[in-house]
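For reference, the structure discussed in these notes is given below.
The values are calculated or read from the model by the stated rules, or taken from the named source; none is laboratory data. It should be emphasised that the depicted structure is a prediction, and the values quoted were computed from it without experimental measurement. Every residue, glycine as well, gets a Cβ built from its backbone with ideal geometry; the counts of neighbours run over all protein chains shown.
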Amino acid sequence: MSFEVPSELEAELDELTTHYPHKRSASLMFLHALQEHFGFISSEAEEWTASKLGLQPINVHELVTFYPMFRQEPLGRHQIKVCRTLSCALAGAKVVRDAFCHKVGLDLHKHGPQTTPDGLYTVEFVECLASCGTGPVVMVNEAFHEHVTVEKAEQILAGCRGN
Amino acid sequence: MPQEHRLILRHTDAPGYAPDIECYQRHGGYEALRKALASSPKELPDGKKISPQEQLREDVKLSGLRGRGGAGFSCGIKWSLVDRRSGKPIYLICNADESEPGTFKDRQILYKDPHQLIEGMILSCWANDVRLAYIYIRGEFPAGAKILNGALKEARAKGFLGKNILGTGYDLEIYVHRGAGAYICGEETGLIESLEGKRAYPRIKPPYFPAVLGLYMCPTIVNNVETLCAVKHIVTMGGAEFARLGTPNNTGTRIVSLSGDVKRPGYYEVEVGKASVGELIFHENFGQGLREGRQLKAVIPGGSSSKVLKAGEKFKMKRKSAEGQMVTVDVDLLDLPYDFDSLQAAGTMSGSGAIIVLDDTRSMVDALGNVSEFYAHESCGQCTPCREGSLWMSKALDRLSHGQGRKADADYLLHIAQNIQGRTICAFGEACAWPVLSFVRKFKDEFEARGAEQEARRASAGTTEGTSTH
Ligand SMILES: Cc1cc2nc3c(=O)[nH]c(=O)nc-3n(C[C@H](O)[C@H](O)[C@H](O)COP(=O)(O)O)c2cc1C
Ligand code: SF4
Ligand code: FES
């Protein structure tokens with residue numbers, strides 16, 4: 001697979017670098033944009049970012065390994081993040097996460113992100129999503145869901161199947 | 001009767017209120033900015049002139065505003081510590097990382113009323129000679145980042161931002177910078193490193209106080225979203241009037257995030273100190289009490305890193321008697337005014353203003369296990385006591401949650417926590433040690449009983465598995 005950044009995206013990223021007195025500052029914003037476009041951060045994406053920002057690839061790689069939101073391999077098309085932190089746990093987050101795993105056929109007892117073999121779903125526990133009063137809360141890609149129950153989890157999955 | 005006093009959230013939840021600039025302006029938005037930018041230098045009796053910017057800084061001092069991000073440090077003093085003589089540019093960063101578990105107040109502002117934050121930021125930047133500022137927003141708020149970018153564009157188009165703001169010759173740019181899921185980016189020096197495009201490793205203070213050596217080693221102000229919004233209201237109403245809200249040394253309003261075992265979790269804006277912890281949990285205007293048949297067991301009063309309070313706990317407080325003398329009285333947890341100073345006097349803190357309630361069906365062992373797992377996951381790893389200690393504590397609690405604990409684990413946990421606090425680069429060390437110290441000390445019987453029971457069960461099953469120390 002060849003790595004090619006569309007010129008529009010590149011122009012967008014070039015504009016971003018003007019927001020900072022030092023180009024290096026744009027690294028996280030670059031990685032967000034590249035991950036959004038390619039689905040994950042490949043080593044080519046790291047190298048490309050490094051050369052655009054005048055850095056060594058290691059300077060970019062160390063970000064990808066530090067910040068939990070960046071992924072080094074492709075994840076499912078629908079990324080389901082269930083908050084596991086205290087307020088959501090008290091509201092029943094475990095049951096919700098298990099329901100998601102169960103319904104898409106993932107192992108309830110495994111830790112960390114898991115992706116279904118067909119590449120459709122990734123389910124994982126994440127830390128507090130700053131909506132602790134409406135737990136359990138779940139993010140599916142960029143969409144945010146509150147008060148998620150087992151029934152609601154089913155509806156969310158039905159919505160995913162639709163697109 | 002204790003009730004909400006909505007200043008910052010005055011409009012946010014009103015039907016039809018939208019985050020666009022027209023709506024904001026229909027509700028008086030950007031009038032504070034016009035007012036401040038139109039003010040003229042003031043001449044003091046001794047003939048000395050003070051600039052309108054300095055007047056605003058003085059007004060913020062007078063207002064008594066304390067930071068809403070966690071530490072409760074005086075905003076006016078923070079601004080006065082900025083090194084204005086270095087000749088370097090001064091930066092301002094809005095901390096919109098909102099990452100302390102239990103906290104969900106900044107989200108309300110960012111998503112529903114972004115212009116209020118932007119106006120507060122422009123005013124704060126103007127008052128501090130800042131020409132370039134950033135909003136550091138947590139990565140998990142992708143929609144929030146889009147809303148802010150849209151709002152900044154609108155503000156630029158209307159001449160509130162960019163070059164020559166409102167014809168005054170003042171230039172300012174504000175950009176949105178997204179984090180990527182690391183809690184430690186909420187700590188201000190970690191945040192600065194992250195904004196520089198590095199791992200969010202907090203810097204050691206001294207010498208790296210942001211006011212002197214912050215972003216790009218230049219003087220930098222880091223303020224929380226809610227703090228910056230308050231600045232707008234200080235301009236509108238005047239610092240003295242703002243200081244009349246709330247209680248002495250705990251002025252203004254504050255948005256409390258209430259979650260956990262209450263009937264009506266939510267965010268409630270109150271005058272600081274005008275509602276007690278008990279009122280926030282039980283009063284019909286707020287949490288409306290616990291579910292049927294449940295009793296209060298514990299309260300985490302200021303985000304998950306604050307020390308837990310136990311139901312029935314009493315605190316010695318100084319109060320003015322009817323005769324006007326200072327006397328020491330016993331105050332019940334529920335009667336503590338929810339303000340910075342009372343919570344501190346009770347040995348904990350109001351932190352980010354997030355209250356998490358635990359009822360009597362909850363296990364303190366499991367609750368602490370959940371919190372400790374968070375900290376073990378989020379330690380940046382620079383300091384050995386924090387990196388290793390947070391992991392050991394989480395592992396010991398995990399053992400206790402899964403039948404492999406020991407009675408001695410309670411003391412083991414205390415021992416580790418004691419060896420973290422005060423021995424680390426940043427306050428995350430305390431943030432991970434305090435929950436452990438307070439949970440285990442205040443509920444020691446529960447921890448020991450859990451461990452002892454598990455030991456006994458293993459002994460009767462004839463196995464010694466899981467009894468090793470680590
Ligand atoms: C581990 C840690 C996490 C923090 N997280 C946040 C946060 O998410 N949001 C925030 O505003 N402040 C957070 N703070 C406090 C900031 O370091 C800083 O004090 C604050 O942003 C200053 O703003 P203020 O004076 O307006 O409160 C955190 C501090 C620590 C030690
Ligand atoms: S105390 Fe923990 S989070 Fe803070 S710098 Fe040290 S290792 Fe990192
Ligand atoms: S604990 Fe789940 S959103 Fe905060």
Of these, B:Ser194, B:Ser259, B:Ser276, which one is surrounded by 23 or more Cβ atoms within 10 Å (Cβ to Cβ), of a type in the set (Ser, Thr, Tyr), touching a helix residue (DSSP H, G or I) at 6+ places or on another chain (Cβ under 6 Å) and over 24 Å from B:Asn128 (Cβ atoms)? B:Ser259
Suppose the filter is in contact with a strand residue (DSSP E or B) (Cβ under 6 Å, 6 or more places away or on another chain), buried (at least 18 other Cβ atoms within 10 Å of the Cβ) and over 30 Å from B:Asp13 (Cα atoms); does B:Ala311 pass it? no
For the list (1) in a helix (DSSP H, G or I); (2) over 23 Å from B:Tyr183 (Cα atoms), I need the number of the one condition that B:Trp392 fails. (2)
Residue count, the range B:134-151 (criterion: within 30 Å of B:Asp59 (Cβ to Cβ) and more than 11 Å from chain A (Cβ to nearest Cβ)): 4
In the range B:410-422, what residues are modelled with pLDDT of 95 or more and either surrounded by fewer than 24 Cβ atoms within 10 Å (Cβ to Cβ) or closer than 11 Å to B:Gly389 by Cα (or both)? B:Asp411, B:Tyr412, B:Leu413, B:Leu414, B:His415, B:Ile416, B:Ala417, B:Gln418, B:Asn419, B:Ile420
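Out of the range B:310-341, which residues are within 17 Å of B:Ala298 (Cα to Cα) and touching a residue at least 60 places away in the same chain (Cβ under 8 Å)?
Correct list: B:Lys310, B:Glu313, B:Leu336, B:Pro337, B:Tyr338.
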Restricting attention to the range A:107-132, the residues that are within 16 Å of ligand 3 (Cβ to nearest atom), touching a Pro at 6+ places or on another chain (Cβ under 8 Å) and of a type outside the set (A, V, I, L, M, F, W, C) number exactly 2
Counting just the residues of the range B:402-447 that are of a type outside the set (Asp, Glu), in a helix (DSSP H, G or I) and free of Cβ contacts under 8 Å to residues at least 40 places away in the same chain, which one comes out nearest to ligand 1 (Cβ to nearest atom)? B:Ala417
Could you grab me the full set of residues in the range B:166-195 that are outside any helix (DSSP H, G or I) and more than 12 Å from every other protein chain (Cβ to nearest Cβ)? B:Thr168, B:Gly169, B:Tyr170, B:Asp171, B:Leu172, B:Glu187
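So which of B:Ser99, B:Ser124 ends up being polar (S, T, N, Q) and more than 16 Å from ligand 2 (Cβ to nearest atom)?
B:Ser124
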Residue within the range A:68-81 that is facing chain B (nearest Cβ under 10 Å), surrounded by fewer than 22 Cβ atoms within 10 Å (Cβ to Cβ) and within 16 Å of ligand 2 (Cβ to nearest atom) present: yes
